[in-house]
Structures are given as C-alpha cells and as structure tokens.
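Each reported figure results from applying straightforward, stated rules to the coordinates on display, with no laboratory input. Bear in mind that the values here come from a model prediction, so they are computed numbers and not experimental data. Glycine gets a Cβ as well: all are built from the backbone with ideal geometry, and neighbour counts include every protein chain shown.
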Amino acid sequence: MKRIVQDIKNGTFGNIYLLYGEEAYLRRQYRDNLKKALVPEDDTMNCSVYSGKDINVNEVIDLAGTMPFFAERRVIIVENSGFFKSAVNERLLELIKQMPETTYFLFVEEEVDKRGKLYKAVTANGYAALCEVQDEATLKKWIMSLLKKENKMITADALNLLLDKTGANMETIRREVEKLVCYKYYDEGITAQDVEALCTVQIQNRIFEMVEAVAAKNQKAALALYYDLLALKEAPMKILALIARQFNMLFQVKEMKKIGYPENEIAQQTGLNAYFLKKKYIPQAAQFKLHQLEAALRECVAAEERVKTGKMPDILSVELIIVGLSAK
C-alpha cells in the first residue's frame with residue numbers, strides 16, 4: 001500500500017498494478033486514486049474499463065498496444081475478470097512481460113491464485129497490493145480520521161460500539177459514520193447513545209447475537225432476533241445458511257483451540273478477522289462443547305432438508321431449529 005501512496009506522491013508509476021483481497025473499499029480507493037493520478041478525469045479516450053467474467057481478452061491486448069491519443073498515458077482497468085484464477089492467456093502473459101511504456105494496467109480482483117503464471121508475471125513486472133480486512137487498531141484510527149475531517153470527536157465507548165454493530169467492512173463503517181456526522185451536525189461529540197440510536201446492526205451481527213442467545217438458552221431473545229430479521233425481509237433460508245455458517249466457524253475455532261493452534265493461525269485458517277476472532281468467536285465458542293456444535297450443524301442440515309423436500313415451510317423450519325437449540 002505504501003508503494004502506491006509513494007508512487008502517487010512522486011508521480012513515478014509502474015506500468016502494472018494489481019489490487020486484490022477481501023476489502024472492497026480499499027480496492028476501490030486505490031483504484032480511483034491511481035486512475036486520478038494517471039489520467040485526467042475527463043479523458044475517456046485514454047482510459048478504458050473492462051469488468052466481469054466475459055471480457056474479450058484479445059480486445060484488451062490489442063488496445064494495450066495502441067498509442068495514447070494526444071496524451072502521455074493509456075490506462076486500462078480490468079476488474080473482477082477472473083484472469084488470476086483461470087488458465088492464463090499466453091498473449092496476455094507476453095504483454096505483461098513486455099509492456100509498452102505508455103500503457104498502464106490496473107487489475108482489480110477479489111481473489112487471485114498466487115501459484116498462477118499471471119500473478120507471478122505481474123509481481124515480477126509490476127506491483128501487487130493486498131487489500132485485506134483491517135485490524136481493530138487500524139479501523140479505529142481510520143474512523144477517527146474520517147470524523148476529524150468533519151470536526152467531530154467520538155468517545156471510546158461509542159467507537160467500540162460502532163465496530164460491534166458494523167463489523168470490519170469499511171464501506172459499511174463509512175456509511176454509518178456519514179449518518180452519525182449528519183445526525184450530529186450541530187454537535188462535535190458522538191456518544192454511545194448516538195451510535196445505539198442511529199447505526200444499523202448488520203445481519204451477520206444479528207446472527208451472532210442469535211447464537212449468543214442460543215448459548216445462553218434465552219429462547220425468547222433468539223426468536224425475537226429471528227422475527228426481526230424476517231421483518232427486515234431476510235429470507236429464512238439465508239438466515240439458516242448464516243446460522244449454519246456461524247456454528248461451523250465456532251466448531252473450527254474450538255477444535256483448533258483444543259489442538260493448540262495460535263490465534264493468528266486460527267484466523268488464517270478460518271479467514272476470520274483477528275480482532276473479531278479474539279473478541280467474539282473465541283469467547284462464543286467457549287460457551288459450547290464440540291458435540292453441541294456438531295449437533296447444531298446436523299440440525300441445520302436437517303432443517304434445510306425438510307424445506308427442500310416440502311415437508312415443512314421455510315419460516316417454520318428455521319423457527320423450530322432456533323426453538324430446539326435454545327431449549328433449556
């Protein structure tokens with residue numbers, strides 16, 4: 001990341017950049033910053049964007065060999081192409097190895113195969129930046145910088161509550177911060193009460209709370225959260241899938257903790273953010289025994305089967321699994 005910031009600051013650019021990783025907000029930010037630095041905003045003749053799995057790769061290659069039109073650079077942005085996860089086009093591979101001096105590629109992908117020829121060619125001839133989910137300290141620093149620009153301050157309690165409600169998704173956080181800034185237009189300080197009143201709990205967080213209620217055998221709270229999700233037009237089968245995912249994650253976390261894996265290894269193996277692993281998943285997993293988590297997963301599979309075979313309506317099937325898991 002620092003390399004991109006430095007390149008923009010110095011005005012000295014590589015011909016190939018790959019922005020990849022789970023954090024979509026960072027991918028977009030660095031893409032937009034590079035584009036703005038490389039080519040004027042209104043220069044549509046020399047900036048082309050290709051997106052999706054059906055990109056004509058030969059068209060992209062041919063364009064890359066074309067001189068820019070009365071300009072210093074031609075910029076080609078390729079997004080969500082799947083090029084880095086599929087068989088590589090040999091012409092594209094050769095182009096990456098021998099890029100025209102006036103052509104600049106910005107590849108933007110969520111997932112890449114680091115073993116692939118294209119990834120290796122890009123890293124050998126350009127720069128690859130991992131846009132990963134950020135840790136707690138980084139997110140807090142970023143939130144405070146957003147608020148500082150608006151001449152706002154936030155209490156420590158409010159900051160922690162905001163992250164509890166939003167999770168680590170930076171786009172979600174940005175939207176909630178904007179709401180808070182508008183809400184507190186005439187005041188400098190943002191409190192936990194403001195966050196509680198205004199910020200939306202994400203569906204995954206509601207699922208987490210539901211499983212927390214199940215662990216506490218608080219059937220009333222677990223069902224109330226389910227009915228809230230239904231009122232928000234969430235599909236019962238989506239809710240079931242998220243419940244199953246949560247129990248699966250808890251099973252993996254508990255099993256790896258039992259074996260003796262360090263937390264950073266558990267985070268890497270499960271794909272969980274290290275902050276939320278430590279703050280939420282490990283404490284929640286500790287409330288269950290392994291056999292209870294296995295049983296919960298079997299119940300989720302059985303509930304899905306009842307719906308698929310027409311034995312029970314989806315709303316009732318999910319309701320019954322919540323009732324069963326939270327029964328004392």
How far apart, in nm, are two points set 7 Å out from the Cα along the Cα-to-Cβ line at residue 24 and at residue 269?
3.0 nm
Cross-link candidates for residue 152: which aspartates and glutamates have Cα within less than 15 Å, leaving aside residues fewer than 8 places away along the same chain?
176, 178, 187, 188, 194
The FRET efficiency for residue 49 and residue 98, from their Cβ-Cβ distance with R0 = 25 Å and rounded to 0.05, is 0.60
With x for Gly and Pro, the residue-by-residue ³J(HN,Hα) of region 165-177, computed from phi through the Karplus equation 6.51 cos²θ - 1.76 cosθ + 1.60 at θ = phi - 60° and given in whole Hz, is 7, 8, x, 9, 5, 5, 5, 4, 4, 4, 4, 5, 5
Which label belongs to the value computed from this structure, given these candidates for P(r) over Cα pairs in 20 Å bins from 0, in percent: (1) 25, 47, 27, 1; (2) 22, 24, 16, 16, 13, 7, 2, 0; (3) 20, 42, 27, 8, 2, 0?
(1)
Here the gain from full extension of residue 72 to residue 155, 0.36 nm per residue of separation minus their alpha-carbon distance, amounts to 25.1 nm
In order through region 98-106: 3J(HN,Hα) via Karplus (6.51 cos²θ - 1.76 cosθ + 1.60), integer Hz, x for Gly, Pro:
9, 6, x, 4, 8, 9, 10, 9, 10
Once amide H atoms are built 1.01 Å from N in the peptide plane, which residues 5 or more positions from residue 49, or in another chain, come under 5 Å H to H?
77
Integer Hz, Karplus 6.51/-1.76/1.60 couplings in order for region 263-269, x for Gly and Pro:
4, 5, 6, 4, 4, 5, 5
How far is it, in nm, from the label point at residue 12 to the one at residue 311 when both lie 7 Å from their Cα along the line to the Cβ?
6.9 nm
At what distance in nm do the modelled label points of residue 135 and residue 279 sit from each other, each positioned 7 Å from its Cα along Cα→Cβ?
1.4 nm
Restraint check, 238/311; 9/279; 35/278, Cα-Cα greater than 28 Å
9/279; 35/278
List the residues of region 44-67 whose backbone N lies under 15 Å from a point placed 7 Å from the Cα of residue 91 along the Cα-to-Cβ direction.
55-66
